[in-house]
Amino acid sequence: MSGFVAAYREVIDHPLFIGNAERLGAWMWLVMRAAWKPIPFDVAGKVIMVERGQVCTSRAQMAKAWGMSPSGVERFLTRLKTEQMIEQETGQGRSIITICNYAKYQDVS
């Protein structure tokens with residue numbers, strides 16, 4: 001993956017991230033891993049389309065990347081859903097996470 005993502009400075013003042021660099025890092029990982037254009041993705045031999053602003057990943061992959069326990073990952077994802085920052089679909093050991101308002105924040109002219 002190459003390129004860049006836009007990050008609003010105000011994110012560090014969001015109540016979810018104040019005093020918790022681990023959560024902020026996990027959020028930025030999701031934003032940076034999100035597809036910037038539709039891409040095919042192989043899930044157990046079946047090709048699916050991952051749309052712009054989506055990440056196809058597993059709880060184990062997130063736990064390893066974020067340095068969290070699997071239950072910590074679930075709690076964080078639940079909090080992101082509560083804050084209406086993501087939507088999540090799960091199946092076949094994978095989740096498709098959609099970053100809400102991805103285009104609003106990434107379509108910088």
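The values are calculated or read from the model by the stated rules, or taken from the named source; none is laboratory data. Note that the structure is a prediction, hence the values are computed from the model and not measured. All Cβ positions, glycine included, derive from the backbone under ideal geometry; neighbour counts span all protein chains shown. In case anyone asks, the SASA skips ligands and DNA or RNA and just uses the protein heavy atoms, side chains included. Shrake-Rupley method; radii C 1.70, N 1.55, O 1.52, S 1.80 Å.
It is to be established whether one or more residues within region 16-30 are of a type in the set (Val, Ile, Thr) and touching a residue at least 24 places away in the same chain (Cβ under 8 Å).
Scanning region 16-30, I find no residue that is of a type in the set (Val, Ile, Thr) and touching a residue at least 24 places away in the same chain (Cβ under 8 Å), so the answer is no.
Do we find that Val55 is closer than 19 Å to Tyr105 by Cβ, open to solvent by less than 40 Å² (accessible area, probe 1.4 Å) and modelled with pLDDT of 95 or more in this structure?
Yes; evaluated as a whole, the condition is true for this residue.
Within region 77-109, take every residue that is of a type in the set (Ser, Thr, Tyr) and in a helix (DSSP H, G or I) and give me the one that is modelled with the lowest pLDDT.
Among those residues, the one meeting the criterion is Tyr105.
Which of the residues spanning region 52-73 are part of a loop (DSSP other than H, G, I, E, B) and either of a type in the set (S, T, N, Q) or free of Cβ contacts under 8 Å to residues at least 24 places away in the same chain (or both)?
Those that are part of a loop (DSSP other than H, G, I, E, B) and either of a type in the set (S, T, N, Q) or free of Cβ contacts under 8 Å to residues at least 24 places away in the same chain (or both): Ser58, Ser69.
Can we say Arg33 is open to solvent by 30 Å² or more (accessible area, probe 1.4 Å), free of Cβ contacts under 8 Å to residues at least 40 places away in the same chain and within 19 Å of Ile96 (Cα to Cα)?
Yes.
Among (1) of a type outside the set (Gly, Ala, Ser); (2) assigned to a strand (DSSP E or B); (3) open to solvent by 80 Å² or more (accessible area, probe 1.4 Å); (4) under 24 Å from Lys64 (Cβ atoms), there is one condition Met49 misses while meeting the rest; what is its number?
Among (1) of a type outside the set (Gly, Ala, Ser); (2) assigned to a strand (DSSP E or B); (3) open to solvent by 80 Å² or more (accessible area, probe 1.4 Å); (4) under 24 Å from Lys64 (Cβ atoms), Met49 violates only (4).
Could you say which residue among Gln92, Gln106 is over 13 Å from the mean Cα position of the chain (by Cα) and surrounded by 17 or more Cβ atoms within 10 Å (Cβ to Cβ)?
Among Gln92, Gln106, only Gln106 is over 13 Å from the mean Cα position of the chain (by Cα) and surrounded by 17 or more Cβ atoms within 10 Å (Cβ to Cβ).
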